[in-house]
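Shown next, in structure tokens, is the structure this report addresses.
The values are calculated or read from the model by the stated rules, or taken from the named source; none is laboratory data. Model, not experiment: these values are computed from the prediction. Cβ coordinates were reconstructed from backbone atoms using ideal geometry, including for glycine residues, and neighbour counts include every protein chain displayed.
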Amino acid sequence: MSPESVDVIIVGCGPVGAMAANFLGQQGLRTLIIEKETTAHGQSRAINADDETQRIFQAAGLMDLLGPDLHPCQRMAYVDDELRVLAEVDFAKVERPNGHAIGALFTQPRLEAALRKGFQRHASVSFWPGSEVESFVQDEDGVSVRVKELASGRTESVYARYLLACDGSHSSIRRRLGLALQGTTAQAHALAIAVGTTSEAPDFTYYPCGPERVGIATRTARDELRFDMVVRPGQDLEEVRRPEYVRKIISAFVDPATVTVKSVNVYAYHSRMAEKWRVGRVFLLGDAAHLMPPFLGQGLCSGLRDAANLTWKLAQVLGGGADDSLLDTYEVERRPHTAEMMRISDSLGHMLSSGGPLMSRARNAFIHLLYRLPVTGPFIREYRMKPNLFFSEGFMRGGRREGKDAAEGLLIPQPRVQRANGETLLLDDALGDGFAVITRPGATVEVQQGARELAEELGAPWVHLAPAARVDAGRSGELVDVEGRLGSWFAKHAADVVVVRPDRYVYGTADATTLSDLHGSLKGRIRPCTRRGGRVARRASSA
């Protein structure tokens with residue numbers, strides 16, 4: 001029997017693998033997911049989806065499935081042991097550049113269930129639970145994978161053009177590739193407690209700053225609360241799991257009699273990254289590629305960014321729209337940002353958890369002082385500690401971002417826009433799921449014609465923006481910039497035209513005098529991409 005053939009094999013069906021499957025299925029790529037477990041993970045681990053992550057969910061068409069279980073964070077407070085506020089962020093007053101709440105909480109089992117339901121929409125995606133990769137061999141055209149069904153012991157071969165290792169921190173694929181994890185591990189431990197509640201109150205997100213408690217306490221859903229507390233040096237890891245200790249932690253925030261303990265876990269913090277994320281036709285994503293402390297809530301968000309970055313490039317290459325070298329930009333773009341998130345998470349964790357009682361109280365007084373000062377207060381209130389995501393180099397005009405004010409490598413803002421029929425929607429929903437070429441309000445006829453020709457060569461839509469004053473008067477093919485934010489963005493970057501990648505990062509901008517140069521920079525690099533599609537990978541009846 002000849003081996004089954006697919007475009008992409010995904011190893012691991014956690015959130016990152018499931019997210020990758022949603023994107024690949026959306027592009028019609030024949031995708032096979034191999035997962036050791038027969039049921040989804042039942043424990044709540046990750047809890048945070050920032051606005052960039054929610055934009056990724058939106059791009060995959062998942063907001064209808066996920067939205068009801070995303071709990072927007074209204075206010076975040078740094079507090080002492082008596083829950084006195086040291087500093088806080090009111091997210092209602094923070095700008096939303098990506099069109100979503102700055103932070104949304106969730107319970108991981110529900111998130112995973114929605115992601116799995118999501119990829120089941122796509123006929124080209126197949127899921128083999130209860131299976132593992134027994135071996136794999138690469139050649140210049142693809143990867144031959146031997147898959148073992150654990151219950152029966154039966155094996156069969158599947159041939160794929162590419163393989164994505166989304167199999168977590170103990171990745172068997174990474175080990176088989178001989179890739180080392182570099183960095184530090186088990187710097188500290190945390191106690192994670194999830195409790196169920198029948199009440200939607202109280203609704204809080206606290207960062208306790210000690211000295212007795214350090215970590216996070218938050219509502220993650222209308223019926224669940226989560227308490228993650230740093231285990232102090234010298235504490236017995238079994239002792240902190242005991243009901244008496246768990247009750248003590250909970251009672252600082254809610255009456256233990258009003259909630260039901262769902263899970264109690266202890267886990268170690270890591271700051272580690274694989275030495276490289278690509279070996280031939282095999283790629284590492286998520287925890288297989290990097291592990292970071294939880295203090296900024298960016299571990300899972302980073303893995304989902306990996307999936308969003310790599311999958312459109314795979315679709316472009318497999319659809320004949322780009323050369324394989326495009327895939328090299330995955331690690332070039334994602335590694336530096338992940339490293340920066342890891343560094344900030346490390347620093348924040350060290351600041352909040354280091355030192356004894358005296359140092360903790362001094363630190364809390366300092367945080368409160370910074371919050372009240374006119375220079376540092378806005379930094380806290382406006383949540384600037386989380387840096388804006390951008391690429392310094394990669395797939396962009398010139399291959400490298402030139403200057404801190406350059407548009408290349410940035411996420412384009414996502415305000416609401418209006419179609420000619422009066423429908424108002426978020427920008428990404430109006431652009432579709434591929435490349436897009438956009439011209440600013442007031443662009444000349446010549447610029448519009450040049451942008452149209454560029455879009456046709458890319459096989460991408462061309463969109464002309466109309467100014468906010470044209471609300472309810474948009475013409476066919478136009479989008480009205482109802483909030484004026486896109487017009488301001490074009491003015492800030494002195495641009496008439498922008499080319500936006502499928503993941504909504506800016507490839508490049510141009511004015512009337514440089515439009516031909518922008519056009520020329522894409523020639524031969526991006527071509528119209530054929531949507532693929534095909535049968536679902538099947539299991540052989542025997543092997």
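Let's see how each residue does on (1) closer than 18 Å to residue 97 by Cα; (2) modelled with pLDDT of 95 or more; (3) out of contact with any Cys (no Cβ under 8 Å at 6 or more places or on another chain):
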{"residue": "398", "(1), (2), (3)": "no, no, yes"}
{"residue": "402", "(1), (2), (3)": "no, no, yes"}
{"residue": "405", "(1), (2), (3)": "yes, no, yes"}
{"residue": "413", "(1), (2), (3)": "yes, yes, yes"}
{"residue": "426", "(1), (2), (3)": "yes, yes, yes"}
{"residue": "442", "(1), (2), (3)": "no, no, yes"}
{"residue": "445", "(1), (2), (3)": "no, yes, yes"}
{"residue": "466", "(1), (2), (3)": "no, no, yes"}
{"residue": "472", "(1), (2), (3)": "no, no, yes"}
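Can you tell me which residue among 140, 134 is over 14 Å from residue 17 (Cα atoms), assigned to a strand (DSSP E or B) and acidic (Asp, Glu)? Answer to the check: 134.
Condition check ((1) among the acidic types (Asp, Glu); (2) in contact with an Asp or Glu (Cβ under 7 Å, 6 or more places away or on another chain); (3) within 18 Å of residue 292 (Cβ to Cβ)) across all residues:
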{"position": "119", "(1), (2), (3)": "no, no, no"}
{"position": "144", "(1), (2), (3)": "no, no, no"}
{"position": "160", "(1), (2), (3)": "no, yes, no"}
{"position": "163", "(1), (2), (3)": "no, no, no"}
{"position": "171", "(1), (2), (3)": "no, no, yes"}
{"position": "181", "(1), (2), (3)": "no, no, yes"}
{"position": "189", "(1), (2), (3)": "no, no, yes"}
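On the stretch given as the stretch 145-162, residues that are surrounded by 15 or more Cβ atoms within 10 Å (Cβ to Cβ) and hydrophobic (A, V, I, L, M, F, W, C) total 4. Restricting 83, 66 to those that are at positive phi and either buried (at least 16 other Cβ atoms within 10 Å of the Cβ) or in contact (Cβ under 8 Å) with a residue 24 or more places away in the chain (or both) reduces the list to 83. Touching a residue at least 24 places away in the same chain (Cβ under 8 Å) and surrounded by fewer than 20 Cβ atoms within 10 Å (Cβ to Cβ), is that true of residue 101? Judged against the criteria, residue 101 is not a match. If we scan the stretch 89-97, do we find a residue that is touching a residue at least 60 places away in the same chain (Cβ under 8 Å), over 23 Å from residue 67 (Cα atoms) and more than 23 Å from the chain's Cα centre (by Cα)? Within the stretch 89-97 (the criterion being touching a residue at least 60 places away in the same chain (Cβ under 8 Å), over 23 Å from residue 67 (Cα atoms) and more than 23 Å from the chain's Cα centre (by Cα)), the answer is no, since none of the residues qualifies. Among the residues of the stretch 512-532, those identified as part of a loop (DSSP other than H, G, I, E, B) and not polar (S, T, N, Q) are 512, 523, 524, 525, 526, 527, 528, 529, 531, 532.
For the stretch 117-126, the candidate set comprises residues that are within 18 Å of residue 8 (Cβ to Cβ) and surrounded by fewer than 20 Cβ atoms within 10 Å (Cβ to Cβ); within that set, the residue that is farthest from the chain's Cα centre (by Cα) is 123. For a quick check of your reading of the model, give me the residue pairs whose first member lies in the stretch 456-467 and is touching a residue at least 12 places away in the same chain (Cβ under 8 Å), whose second is of a type in the set (Ser, Thr, Tyr), with beta-carbon atoms closer than 6 Å and at least 6 apart or on different chains. Pairs that qualify, where the first residue is touching a residue at least 12 places away in the same chain (Cβ under 8 Å) and the partner is of a type in the set (Ser, Thr, Tyr), are 464/439.
I want to confirm something. Restricting to the stretch 234-292 and keeping residues that are without any contact (Cβ under 8 Å) to a residue 60 or more places away in the chain and acidic (Asp, Glu), which single residue is nearest to residue 43 (Cα to Cα)? Restricting to residues being without any contact (Cβ under 8 Å) to a residue 60 or more places away in the chain and acidic (Asp, Glu), the top hit is 238. Under the condition of being of a type in the set (Lys, Arg) and at pLDDT 95 or above, which residue from the stretch 230-261 is nearest to residue 161 (Cα to Cα)? Residue satisfying both the conditions and the ranking: 241. Candidates 372, 381: the one that is surrounded by 14 or more Cβ atoms within 10 Å (Cβ to Cβ), modelled with pLDDT of 90 or more and of a type in the set (D, E, K, R) is 381. Determine, yes or no, whether residue 297 is under 22 Å from the mean Cα position of the chain (by Cα) and surrounded by fewer than 24 Cβ atoms within 10 Å (Cβ to Cβ). Taking the combined requirement at face value, the residue satisfies it. Of all residues in the stretch 222-255, those that are more than 28 Å from residue 69 (Cα to Cα) and either hydroxyl-bearing (Ser, Thr, Tyr) or in contact with a Lys or Arg (Cβ under 6 Å, 6 or more places away or on another chain) (or both) total 1. Name the residues in the stretch 287-315 that are more than 21 Å from residue 390 (Cβ to Cβ) and assigned to a helix (DSSP H, G or I), would you? Listed by number, the residues that qualify are 287, 288, 314, 315.
Pairs linking a residue in the stretch 1-30 that is assigned by TED's automatic domain parsing to the domain that holds residue 168 and without any contact (Cβ under 8 Å) to a residue 40 or more places away in the chain to a residue that is surrounded by fewer than 24 Cβ atoms within 10 Å (Cβ to Cβ) and not in a loop (DSSP other than H, G, I, E, B), with Cβ atoms under 6 Å and 6 or more positions apart or on different chains, do not occur. The set of residues in the stretch 384-409 that are surrounded by fewer than 20 Cβ atoms within 10 Å (Cβ to Cβ) and over 22 Å from residue 347 (Cα atoms) comprises 392, 393, 398, 399, 400, 402, 403, 404, 405, 406.
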